[in-house]
Amino acid sequence: MKILKASRMERCIGCHGCSLACARLVHKRLSWATAGIRITSAGGLSTGFEARLCLACNPAPCALACPTGAYAQRKGGGVKVNRDLCIRCGNCAAACPVDAIHLDGETGLPYVCIHCGRCVPFCPHACIELADLPDTPDTPDTPDTPEQANPDKTPDAPAPGADADAAREAPHAR
């Protein structure tokens with residue numbers, strides 16, 4: 001199983017390429033409100049940037065707080081999301097210890113990183129990576145909802161688990 005990590009944020013220039021890629025490719029809306037990863041200033045341009053993303057808690061407090069099962073524990077950590085079950089109560093966002101669940105102001109729907117890795121090739125400075133989760137050798141490496149991360153096989157991003165280094169060599173990442 002893999003999880004998204006922001007392991008080299010000292011390189012981040014705050015371009016928000018990862019956020020916009022997530023919103024467009026995973027959630028099918030080009031909106032800041034629908035990104036599962038958020039980039040914020042750590043106190044000004046001179047102090048750098050922080051990535052707000054799911055830390056793949058196990059057990060996940062957001063899943064425990066969800067009264068309908070819309071957020072369900074993912075094997076190895078993190079959550080699977082079933083938007084059809086969501087009643088927009090916001091309990092998941094309130095329960096997240098790292099403020100990684102974002103509520104869309106228009107629809108009230110929650111958005112969280114599902115660790116699909118589709119944002120990774122859109123980071124021009126390799127600040128984020130899809131890394132193996134330690135101590136889970138028997139866990140399948142498959143993306144979770146929405147729509148299994150790539151329902152329409154969008155050609156402008158590699159499939160989940162694709163070699164991120166090769167993707168960074170693509171012309172759009174230079």
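The values are calculated or read from the model by the stated rules, or taken from the named source; none is laboratory data. Just so it is clear, the structure is predicted and the values come from calculations on it, not from any experiment. Positions of Cβ are generated from backbone atoms using ideal geometry, with glycine treated the same way; all protein chains shown enter the neighbour counts. The protein model used for the area step is the full one, side chains on, heavy atoms only, and it has no ligands, DNA or RNA in it. Shrake-Rupley method; radii C 1.70, N 1.55, O 1.52, S 1.80 Å.
Values for this structure:
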read-out	value
Test: residue in the stretch 68-87 that is in contact with an Asp or Glu (Cβ under 7 Å, 6 or more places away or on another chain), modelled with pLDDT under 95 and open to solvent by 20 Å² or more (accessible area, probe 1.4 Å)	yes
Condition check for Asn82: more than 27 Å from Cys127 (Cα to Cα), in contact (Cβ under 8 Å) with a residue 40 or more places away in the chain and of a type outside the set (Lys, Arg)	yes
Selected residue (criterion: most open to solvent (accessible area, probe 1.4 Å)) from residues of the stretch 50-67 that are in a loop (DSSP other than H, G, I, E, B) and over 17 Å from Tyr111 (Cβ atoms)	Asn58
Looking only at the stretch 20-49, and only at residues there that are assigned to a loop (DSSP other than H, G, I, E, B) and of a type in the set (Lys, Arg), the one that is farthest from Ile114 (Cα to Cα)	Arg29
Tally, over the stretch 15-38, of residues that are open to solvent by less than 20 Å² (accessible area, probe 1.4 Å) and over 17 Å from Leu130 (Cβ atoms)	2
